[in-house]
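The values are calculated or read from the model by the stated rules, or taken from the named source; none is laboratory data. Being a predicted model, the structure only gives us computed values, none of them experimental. Note that each Cβ is placed from the backbone with ideal geometry, even for glycine, and that neighbours are counted across all protein chains shown.
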Amino acid sequence: MANYNASNIALNEIDKIFITHLHVYHFGSLPYVYMFGGWAGRWHHPLRVWGPSSNDPEYGTAAMIDGMMKMLAWHRRAFSVFPVGQGHDVEVNEFDYLDEGGVIYDENGVTVTHWQRSHAMDGASAYRLDWNGLCFVWTGDGRPNMRDAKYAEGCDVYVTEQQPELVEISAGVQGVPAFLARYTIDTHHTPGYAAGYIANLVQPRMFLTTHMPFDPYLNEEAVAEVREHWKGPIISARRTGSW
């Protein structure tokens, strides 16, 4: 929400959301966007949400939205005194995560395709948006994989995650054993050198990484890992989860 506000984007302007996976900190603002975007002026459009299925229906995007609607029943009923039209309707577009390279959005010259990511459970997905000869890729979280090189090749902007590997430092800050940080990186995330390696295969005009720390020393180390393979333009940013 802070990023939306800082970008001068009104909540009623946000009516399409693409979720990469269902870790709650990647879609935690969704209830707020849904309730207050509808109340604040998105009266003529439902909130449209895209997200992957999983290997069991209860772990898919549709089940998550169903749970969100139940959670917000009291709030929605209390706000029913305001005439919001379609503002509190939700259109759920759950796509088959196994449909590699499938087009899930095609409107007004904009197309969005998806592919699998290896992250925690079946269902995590990456997105590519094409419009007017330009291309933007957002991978979300996951292990480095050659699917990015295939589906993101030559895109103008390639955004992926990068997990700093200074596990002793991060473990000390978080108060957890260092092996847990090492395990998390090795099974769920992308080390900096691997992010740079994939970026070098993709060859974007601009490479962006997320999950970067605020600490200048950690940030410097993380960029150095990327530079092992990627020599082009790069921007690093803090953790974020949807676009």
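See the values below:
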{"quantity": "Unique match (being farther than 22 Å from VAL137 by Cβ, more than 18 Å from the chain's Cα centre (by Cα) and modelled with pLDDT under 95) among ALA2, ALA63, ALA6", "calculated": "ALA6"}
{"quantity": "Among (1) touching a residue at least 24 places away in the same chain (Cβ under 8 Å); (2) surrounded by fewer than 17 Cβ atoms within 10 Å (Cβ to Cβ); (3) of a type in the set (Asp, Glu) - the single one GLU168 does not satisfy", "calculated": "(1)"}
{"quantity": "Residues of segment 1-44 satisfying the condition of being in a loop (DSSP other than H, G, I, E, B) and either crowded, with 19+ Cβ neighbours inside 10 Å or touching a helix residue (DSSP H, G or I) at 6+ places or on another chain (Cβ under 7 Å) (or both)", "calculated": "MET1, ILE14, ASP15, THR20, HIS21, LEU22, PHE27, ALA40, GLY41, ARG42"}
{"quantity": "Test: residue in segment 64-78 that is β-branched (Val, Ile, Thr), under 30 Å from LYS150 (Cα atoms), outside any loop (DSSP other than H, G, I, E, B) and not assigned by TED's automatic domain parsing to the domain that holds GLY140", "calculated": "no"}
{"quantity": "Check on CYS135, in a strand (DSSP E or B) and farther than 23 Å from PHE27 by Cα", "calculated": "yes"}
{"quantity": "Identity of the residue in segment 167-186, modelled with pLDDT of 85 or more and of a type in the set (D, E, K, R), that ends up farthest from the chain's Cα centre (by Cα)", "calculated": "ARG182"}
{"quantity": "Contacts under 8 angstrom Cβ, first residue in segment 59-74 being in contact (Cβ under 8 Å) with a residue 12 or more places away in the chain, partner assigned to a helix (DSSP H, G or I), 6 or more apart", "calculated": "MET68/LEU30; MET68/PRO31; MET68/TYR34; MET69/ARG76; MET71/PRO31; LEU72/PRO31; LEU72/TYR34; LEU72/MET35"}
